[in-house]
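The values are calculated or read from the model by the stated rules, or taken from the named source; none is laboratory data. Nothing here was measured: the structure is a model prediction, and the numbers come from that model. In this analysis, Cβ positions are derived from the backbone assuming ideal geometry, glycine residues included, and neighbour counts consider all displayed protein chains. We work out accessible area using only protein heavy atoms, side chains counted, and drop any ligands, DNA or RNA first. Shrake-Rupley method; radii C 1.70, N 1.55, O 1.52, S 1.80 Å.
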Amino acid sequence: MRLASLLPQEPALNAATLAQFANALRALNERGVPYLVGGAYALKHYCGINRDTKDVDLFVERSQLDRALSALEDAGFRTEVVFSHWLAKAWVGDRFIDVIFGAGNGFGAVDHGWFEYSEPDVLLGVPVRICPAEETLCSKAFVMERERYDGADVNHLLLARGDRF
């Protein structure tokens with residue numbers, strides 16, 4: 001028996017949740033809110049690694065946070081600023097979108113450079129921009145000192161994109 005089969009697994013997102021997430025992305029686009037997609041979706045974009053995820057990570061500049069949360073509320077999400085220096089959440093049922101505008105340590109804020117070096121993609125049928133690989137690596141590296149270890153993601157990003165950093 002494989003070890004992975006012994007560990008509790010996060011259920012894959014169902015079609016209804018994916019449709020709600022797509023609706024959220026469309027609402028942000030329609031309102032002209034600048035945002036970037038990160039997390040598992042950025043890892044797929046840069047490394048070709050596809051894995052189940054429980055959420056969507058969006059990155060915005062702090063100055064755009066209120067506009068982003070308003071668009072998400074209009075799309076049917078309940079929003080809250082969880083940590084005033086870096087994180088808000090938009091809930092739909094028990095699933096959520098992380099709206100990240102800085103690092104949890106209070107040091108690194110999302111800024112215009114993130115957008116300048118982002119890359120286009122399509123997520124759930126919606127045109128989006130993906131966080132730059134360098135910023136994705138930095139945000140993954142920070143997670144190493146919190147509740148989980150994203151070292152494998154850091155390694156994959158270095159292997160896939162390190163020669164272009």
**Request:** Collect the residues in region 1-56 that are at pLDDT 90 or above and among the basic types (Lys, Arg), keeping them in residue-number order.
**Result:** Arg26, Arg31, Lys44
**Request:** Would you check if there is a residue in region 42-56 being closer than 30 Å to Leu159 by Cα, among the hydroxyl-bearing types (Ser, Thr, Tyr) and in contact (Cβ under 8 Å) with a residue 60 or more places away in the chain?
**Result:** yes
**Item:** Answer residue from region 123-165, given it is in contact with a Lys or Arg (Cβ under 6 Å, 6 or more places away or on another chain) and among the charged types (D, E, K, R) and is modelled with the lowest pLDDT among those
**Value:** Asp150
**Prompt:** on the phi > 0 side of the Ramachandran plot and open to solvent by less than 20 Å² (accessible area, probe 1.4 Å) - does that describe any residue in region 46-57?
**Reply:** no
